[in-house]
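The values are calculated or read from the model by the stated rules, or taken from the named source; none is laboratory data. Computed from a prediction, not measured in an experiment: that's the story for all the values here. Virtual Cβ from ideal backbone geometry, glycine too; neighbours counted across all protein chains shown.
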Amino acid sequence: MAACEGNLCDACQDSLPHWITDHCPGCLLPSKDSRLCGACLTVPPAWDRAVAALQYAFPVDALIRTLKYRGDLSLTPILADLLLPKLIAFPLPDCIIPVPLHTNKLKERGFNQTAEIGRQLSRRMGIPLLPQVCVRNKDTPSQTTLPWKKRHSNVRHAFTCTTCLERQHVALLDDVMTSGATLHELAKTIRQQGASEISIWVIARALPSPALHGAVAHPPLP
């Protein structure tokens, strides 16, 4: 058995679905020479940069589902440690805001898995975690149950933030980025509170079919 460094042994690290090298810094989807893709040039995303640790594929998808639906909080330091090395090359934010859950979902699940991962990152990086400054005010259906084209309308006006974030660099944290609709809507809300810079941090980025790239990564700002 390979010696372990951190939470995973070398063999496990090698088996992970590592993120593609050449990707768009805006939406994270494949892009030659890591340039902004055509979709992001045409319609810039609501954030300044995005960082993903891994592709949303086995075994990472299984780890995230086990955390979310079985409440295995022992996985949070593992998932946080997978993202940490990817953040070294980027400016550190002033604070971390996890994507909030609606109160109904929070009561049902008992915890916000993204906030729990955020606690690990906050502790390791010495950056404040602000899980209470944003509220999810619409109990929307799960994005995973909806067609891609309906995901943006599903989360429109779903968030409220009443805290002034003027001149702050904010990192928005989520476990999985699929269409980008949830993060897009939250980033717009954060901008309205004065944030000068927004980074998107995700544990895993799902790869859509090529036909969907550009149509769903980030809709036009209203």
A53 being under 25 Å from D139 (Cα atoms), touching a helix residue (DSSP H, G or I) at 6+ places or on another chain (Cβ under 6 Å) and surrounded by 15 or more Cβ atoms within 10 Å (Cβ to Cβ): no
If you take just the helices (runs of 4 or more DSSP H) that sit entirely in the stretch 95-205, which of them hold at least 2 residues that are surrounded by 16 or more Cβ atoms within 10 Å (Cβ to Cβ), modelled with pLDDT under 95 and out of contact with any Gly (no Cβ under 6 Å at 6 or more places or on another chain)? 151-155, 181-192
Looking at (1) of a type in the set (D, E); (2) in contact (Cβ under 8 Å) with a residue 12 or more places away in the chain; (3) touching a helix residue (DSSP H, G or I) at 6+ places or on another chain (Cβ under 6 Å), which one does D72 not meet, given that it meets all the others? (2)
Scan the stretch 31-46 residue by residue and report those that are touching a residue at least 12 places away in the same chain (Cβ under 8 Å), surrounded by 15 or more Cβ atoms within 10 Å (Cβ to Cβ) and out of contact with any Gly (no Cβ under 8 Å at 6 or more places or on another chain). V43, A46
For the stretch 47-76, what are the residues that are part of a helix (DSSP H, G or I) and either under 17 Å from L16 (Cβ atoms) or among the aromatic types (F, W, Y) (or both)? V60, D61, A62, L63, I64, R65, T66, L67, Y69, L75, T76
Can you tell me which residue is surrounded by the fewest Cβ atoms within 10 Å (Cβ to Cβ) among those in the stretch 68-88 that are of a type in the set (A, V, I, L, M) and within 13 Å of A53 (Cβ to Cβ)? I88
Hey, D22 hits all of (1) modelled with pLDDT of 90 or more; (2) buried (at least 16 other Cβ atoms within 10 Å of the Cβ); (3) touching a strand residue (DSSP E or B) at 6+ places or on another chain (Cβ under 7 Å) but one; which does it fall short on? (2)
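Residue by residue, here is whether (1) more than 12 Å from A204 (Cβ to Cβ); (2) modelled with pLDDT under 95; (3) of a type in the set (A, V, I, L, M); (4) out of contact with any Ser or Thr (no Cβ under 7 Å at 6 or more places or on another chain) holds:
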{"position": "N7", "(1), (2), (3), (4)": "yes, yes, no, yes"}
{"position": "H18", "(1), (2), (3), (4)": "no, yes, no, yes"}
{"position": "C37", "(1), (2), (3), (4)": "yes, yes, no, no"}
{"position": "V43", "(1), (2), (3), (4)": "yes, yes, yes, yes"}
{"position": "L54", "(1), (2), (3), (4)": "no, no, yes, yes"}
{"position": "T66", "(1), (2), (3), (4)": "yes, no, no, yes"}
{"position": "S74", "(1), (2), (3), (4)": "yes, no, no, yes"}
Please indicate, with yes or no, whether at least one residue in the stretch 14-21 is among the hydroxyl-bearing types (S, T, Y) and not in a helix (DSSP H, G or I). yes
